[in-house]
1. Would you confirm, using the coordinates I've provided, whether GLU183 is closer than 22 Å to PRO271 by Cβ, over 18 Å from the mean Cα position of the chain (by Cα), loosely packed, with under 14 Cβ neighbours inside 10 Å and modelled with pLDDT of 95 or more?
2. How many of the residues in segment 150-162 are more than 15 Å from LYS138 (Cα to Cα) and outside any helix (DSSP H, G or I)?
3. Can you pull out every residue in segment 151-177 that is at pLDDT 95 or above and among the aromatic types (Phe, Trp, Tyr)?
4. Can you tell me which residues in segment 85-103 are surrounded by 21 or more Cβ atoms within 10 Å (Cβ to Cβ) and either more than 16 Å from the chain's Cα centre (by Cα) or among the small types (Gly, Ala, Ser) (or both)?
5. Can you tell me which residue in segment 212-258 is least open to solvent (accessible area, probe 1.4 Å), limited to those that are among the β-branched types (Val, Ile, Thr) and part of a helix (DSSP H, G or I)?
6. Out of (1) out of contact with any Phe, Trp or Tyr (no Cβ under 9 Å at 6 or more places or on another chain); (2) open to solvent by 10 Å² or more (accessible area, probe 1.4 Å), the odd one out for MET21 is which?
7. Since LYS68 meets every condition but one in (1) more than 14 Å from ILE87 (Cα to Cα); (2) open to solvent by 10 Å² or more (accessible area, probe 1.4 Å); (3) at pLDDT 95 or above; (4) touching a Lys or Arg at 6+ places or on another chain (Cβ under 8 Å), which condition does it not meet?
8. Could you check how many residues of segment 163-198 are in a helix (DSSP H, G or I), more than 16 Å from ALA140 (Cα to Cα) and touching a helix residue (DSSP H, G or I) at 6+ places or on another chain (Cβ under 9 Å)?
Amino acid sequence: MSKPLVIGDLIAPIPVIQGGMGVGVSLSNLAGNVAKCGGIGIISTAQIGYQEPEFDQHPIETNLKAIKTQIQRAKEIAQGGIVGVNIMVATKKYEEYVRAAVKAGADLIISGAGLPTLLPVFVEKAKTKIAPIVSSIKSASVICKLWDRKYKRCPDLVVIEGPKAGGHLGFSLEELNTITDEEYEKEIKGIIEIIKQYEEKYQSKIPVVVAGGIYDKQDMKHALEIGADGVQVATRFVTTYECDASEAYKQSYIHATKEDIQIVKSPVGMPGRAINNTFIHKKDKNVTWKCHQCLEKCNQKDIPYCITDALVNAVKGNLDDGLIFCGENAWRAQKMEHVSEIMEEFSDV
């Protein structure tokens, strides 16, 4: 049996964080059920209010309201389990999203897609735990050094997201094509060494969680063997009855072959991992659209299509007009499962 994941006063009996998946893939139902089963359930705040009628007219205001609604719903399902949110640093009005999550009682905020340099300021003295996502020794060192110097604090948790993750990736195209498992394991061990320095300085345990390509209990076992305190798992939870995505979205994972998993260029210029479909090959994806105020650095005239529209179409099941983000192991999905079955598997490591 693996040890619980302890983040300050938060204790998850099973050391599994369900990764935040947006738009709309991990909302209250998935996160609440993972938390109820002893893991940590994470809601993605990326365009979290997309289902609400006022979303098109007032996206940011709608999203901020939906953060509260979704956290409350997840907590009702969780029955005392740990519920957090994933908020991308690249989000427009990032500070407002963080403050809304804290006010709504999020137990944990995980933040990547940029370095969350100001996150401690926005959380202030709240009980909400904060965790940066890092992909390299350099990024781990920069964020720990900065939080130490400016705020006299360390992260409550660190998530190391590797090159096998889904969605937008913190690696260059060249790195994704050349980095080996052995090389990245060295990077993970290097990050863990940096975190240990800050554990000693602050006399406080900083758990490290490994993400990207963790699909089954063997993957988890390996991550724990190389020094991780837990794992973050996303792709595996898509093909659950409790996942918030449409049935068509889930089936696209089940039907995907290994060759269908591709690195694509996102309209915002970052590489991403997605399932090959008609949409990826369309030349004119959508020429005009209304901006949904999702990313801070998005210049509508310079990009080929709206990432929000593409992800919303996918999660709703309109796959021919949608971008289906996924982790490298999405092809391993063979059947629908219950969250409880997956958590039971991970509890036996």
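1. Working: closer than 22 Å to PRO271 by Cβ: yes; over 18 Å from the mean Cα position of the chain (by Cα): yes; loosely packed, with under 14 Cβ neighbours inside 10 Å: yes; modelled with pLDDT of 95 or more: yes.
So GLU183 passes the test.
2. Looking only at segment 150-162, we keep the residues that are more than 15 Å from LYS138 (Cα to Cα), and these are 150-157.
Pick out the ones that are also outside any helix (DSSP H, G or I) and you get 152-157.
Counting residues in segment 150-162 that are more than 15 Å from LYS138 (Cα to Cα) and outside any helix (DSSP H, G or I) gives 6.
3. TYR151
4. Narrowing segment 85-103 to residues surrounded by 21 or more Cβ atoms within 10 Å (Cβ to Cβ): 85-88, 91, 94, 97-98, 100-101.
Within segment 85-103, ALA100, ALA101 qualify.
5. Just the residues of segment 212-258 that are among the β-branched types (Val, Ile, Thr), to begin with: 214, 226, 231, 233, 235, 238-240, 254, 257.
Narrowing the set further to residues that are part of a helix (DSSP H, G or I) leaves 235, 238, 254.
Working: THR235: 21, VAL238: 0, ILE254: 31 Å².
Among them, the one singled out is VAL238.
6. (1)
7. The one condition LYS68 does not meet is (1).
8. Step one: filter segment 163-198 for residues in a helix (DSSP H, G or I), giving 173-178, 181-198.
Those left that are additionally more than 16 Å from ALA140 (Cα to Cα): 173-178, 181-183.
With the extra rule that they be touching a helix residue (DSSP H, G or I) at 6+ places or on another chain (Cβ under 9 Å), the set shrinks to none.
Final tally of qualifying residues: 0.
The values are calculated or read from the model by the stated rules, or taken from the named source; none is laboratory data. Owing to the predicted nature of the structure, the values given are computational and were not obtained by experimental measurement. Glycine also receives a Cβ, built like all others from the backbone with ideal geometry; neighbour counts cover every protein chain displayed. The accessibility values were calculated without ligands, DNA or RNA, using every heavy atom of the protein model including side chains. Shrake-Rupley method; radii C 1.70, N 1.55, O 1.52, S 1.80 Å.
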